[in-house]
């Protein structure tokens with residue numbers, strides 16, 4: 001018989017004067033893998049913060065393993081035994097894996113029997129089919145190994161709820177499948193519950209037992225995954241999709257005119273034409289860092305070379321633009337005004353003498369006022385919505401007019417509505433004749449605009465698929481749509 | 001408008017307290033200066049010291065009053081939001097005896113025992129109203145059934161039999177807890193009556209294995225039927241293609257969960273929030289604030305909370321065009337009598 005690991009009942013919670021959670025009801029039972037999709041991202045950060053750290057609520061209560069930990073009168077002062085596994089490592093980098101397991105809790109023994117300790121850790125790992133010795137340091141682990149180690153460690157120290165944040169944004173499809181096998185094993189054997197945060201329902205339906213949908217700070221739907229249909233999910237996102245009728249078919253330019261060429265020493269040669277959108281899917285999570293290196297520096301380790309307009313990319317930075325994963329935190333300057341951010345050259349340098357001429361600024365403000373609205377007058381970017389920030393990023397690309405745009409994981413950590421908006425921006429960029437290369441480790445919605453899907457593994461091309469064969473990518477464990 | 005007034009009042013209170021806080025230290029300054037002056041001049045100190053001590057005492061009292069005031073304000077606010085009458089006990093401001101008496105009366109009137117008595121009286125009244133002459137009703141329905149059978153009208157005979165079963169269950173003694181199997185049978189009867197009206201447009205799918213231990217768990221009577229009725233009327237009735245109502249159940253170490261899902265019209269986000277908010281309020285608070293009819297689900301919720309405690313009751317999940325799910329949380333009970341009562 002199962003037990004409730006986490007219960008949120010009629011929770012209302014505000015942070016910094018903003019109402020973040022409004023009548024949230026959520027029950028997570030032992031052994032459940034609950035997939036949580038947010039339609040508008042409102043309240044997600046607060047929800048994670050609340051269930052991990054406890055806060056005084058406006059209404060309702062939070063129970064962890066049957067005990068009230070947050071309420072409207074009192075709340076527990078110490079954090080709950082809940083772990084968060086995400087792109088960023090939570091292992092202590094200066095300690096090896098065995099030490100991370102045994103000594104982080106503070107009960108370090110006086111003498112350490114290394115061999116005995118390593119034997120113990122190897123026995124633990126072997127239960128889960130992991131061949132680590134315990135002497136490795138966190139920096140030497142792959143993302144998949146690191147996630148597995150963090151989850152096993154959490155299970156060992158008695159954590160009963162583990163939040164897994166967007167694993168497909170930093171793991172390849174096979175790695176996600178391998179991680180999910182571990183989740184199922186731990187959930188079934190040890191009664192640990194998982195909250196699987198993700199932005200795509202297909203992924204949740206493939207790996208989770210329950211689906212919850214959050215909208216405007218409320219859990220509006222909680223269903224068994226077996227009862228959820230594709231039709232249902234298309235209704236959930238229908239309102240936003242209906243507004244964007246042009247998105248249904250990928251744009252394929254009538255004449256192929258090469259804009260960029262990607263080569264490596266393993267014989268890979270990929271050409272992308274102007275106005276084309278190509279998805280380069282990295283099956284083993286090794287190719288994207290190499291391509292990024294080749295964009296910015298000469299002589300990338302695996303011999304990748306990228307030429308734009310016939311010249312090496314790193315020499316002609318004006319010809320291409322690059323949007324990294326999570327661009328909101330890394331590609332914007334929050335203390336600068338909206339206009340200043342908009343006209344940054346290559347996203348990080350000012351155009352010489354441009355700032356001195358008020359006439360130019362006025363012209364740009366007048367031109368973009370109709371597109372960006374009142375935001376164009378903002379003196380800084382603090383407090384601006386995700387929607388406005390993404391709009392700024394993509395409008396900047398349109399203003400730059402490069403020949404090629406490289407986007408890494410374009411739908412990373414995005415709510416359902418924002419994904420649709422980003423698709424619209426990419427579609428606009430394509431219409432300007434700019435080649436778009438989407439560097440992805442998960443497909444998410446990438447295929448909606450793609451004219452080609454190139455699957456890469458171990459620095460070689462595994463398969464190249466045209467739009468009518470995209471569904472066959474499912475053979476590789478990919479969630480296609 | 002109301003909230004504006006309360007905000008304005010709160011602001012005035014805070015302003016007064018702030019003024020007090022500024023004035024007291026200011027008045028302390030001359031006192032300290034006077035003591036220093038007296039010490040320098042060699043004047044007698046005791047009177048001035050006494051004055052200073054009084055000032056300090058007043059200041060500490062003001063600080064204490066300020067924190068008590070903020071605490072009491074929070075408790076009153078939470079009480080108004082429907083978080084239970086126990087909060088009235090926690091108020092720590094020294095009110096006048098009359099105000100104290102009013103608060104105590106208010107607490108008595110809204111205590112769970114009083115509410116339970118009130119709820120019981122209402123249920124008894126409803127039961128009496130329905131029991132005007134149940135035998136006459138059953139006999140009439142039986143007569144209709146016989147006539148229908150003689151006339152070869154099998155559907156009418158089935159209809160009157162189902163209706164008689166339904167009324168027999170609804171009208172009979174409310175004091176005992178019934179099993180899940182009884183409740184399921186009642187919603188099957190109710191659904192059959194509705195199907196005479198809607199035909200195959202609506203379907204009932206009960207995914208509870210009634211040959212297992214689940215059937216022994218008990219609950220108050222007529223908990224499921226009002227929710228199924230709501231699902232039919234508000235969820236499926238307006239749908240051209242009809243829909244399905246699915247009933248599932250789950251058991252944990254302490255609780256018993258029943259889920260009633262429909263794939264009908266669903267409801268907008270604002271309405272969902274309002275319903276869940278009202279469900280979390282104590283009924284006496286909710287009744288003062290309610291603006292619309294349809295109190296059946298709140299009564300069900302109130303009955304469960306009065307019987308078993310505030311952590312039990314109903315929760316709604318809904319999305320437009322997707323449907324509505326009602327989660328009913330009950331304790332695992334196997335006794336037949338209602339706890340602590342003989343209704």
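A few notes on this one:
- For the range A:25-87 versus the range B:206-270, the inter-centroid distance based on Cα atoms is 27 Å.
- Acute angle (nearest 10 degrees) that the helix A:114-127 long axis makes with the longest principal axis of chain A, alpha-carbon atoms: 80 degrees
- The distance separating the Cα centre of the range A:153-168 from that of the range A:401-449 comes to 31 Å.
- Gyration tensor verdict on the range A:59-184 (Cα atoms; rounded if a/c is under 1.5, prolate if a/b is larger than b/c, oblate otherwise): oblate
- Helix A:143-156 and the longest principal axis of the Cα set of chain A meet at an angle near 20°.
- For A:218-229, mean number of other protein chain Cβ atoms within 10 Å: 5
- Ranking of B:197, B:303, A:421, A:119 by count of other Cβ atoms within 10 Å, fewest first: B:197, A:119, A:421, B:303
- Exposure proxy ranking for A:277, A:225, based on other Cβ atoms within 10 angstrom of each Cβ and starting from the fewest, stands as A:225, A:277.
- Mean per-residue shielding of peptide A:48-59 is 1, counting Cβ atoms of other chains within 10 Å of each Cβ.
- Helix-only [θ]222 nm of chain A, DSSP H runs n ≥ 4, -39500 (n - 2.57) each, per residue, nearest 500: -9000 deg cm²/dmol
- The angle between the Cα long axis of helix A:287-296 and the main principal axis of chain A comes to about 40°, on a 0 to 90 degree scale.
- For the range A:21-99, relative contact order (Cα pairs under 8 Å, six or more residues apart, normalised by length) works out to 21 percent.
- Sequence-separation-based contact order of chain A, relative, with Cα cut under 8 Å and 6+ spacing, percent: 17 percent
- Which of B:203, A:223 has the fewest Cβ neighbours within 10 Å, and the rest in rising order: B:203, A:223
- Inter-chain shielding of A:206-215 (mean C-beta neighbours from other protein chains, 10 Å cut-off): 1
- Overall form of the range A:165-236: prolate. Here a/c, set by the Cα gyration tensor axes a ≥ b ≥ c, is 1.5 or more, and a/b is the larger of a/b and b/c.
- Cα gyration tensor category, rounded, prolate or oblate, for chain A with a/c compared to 1.5: prolate
- Rel. contact order, % - alpha carbon contacts under 8 angstrom, at least six apart, the range A:73-177: 46 percent
Laboratory data are not the source of any read-out in this text; all were calculated from the coordinates shown. Since this is a predicted model, take the numbers as computed values, not measurements. Please note: Cβ atoms are built from the backbone with ideal geometry, for glycine as well, and neighbour counts cover all protein chains shown.
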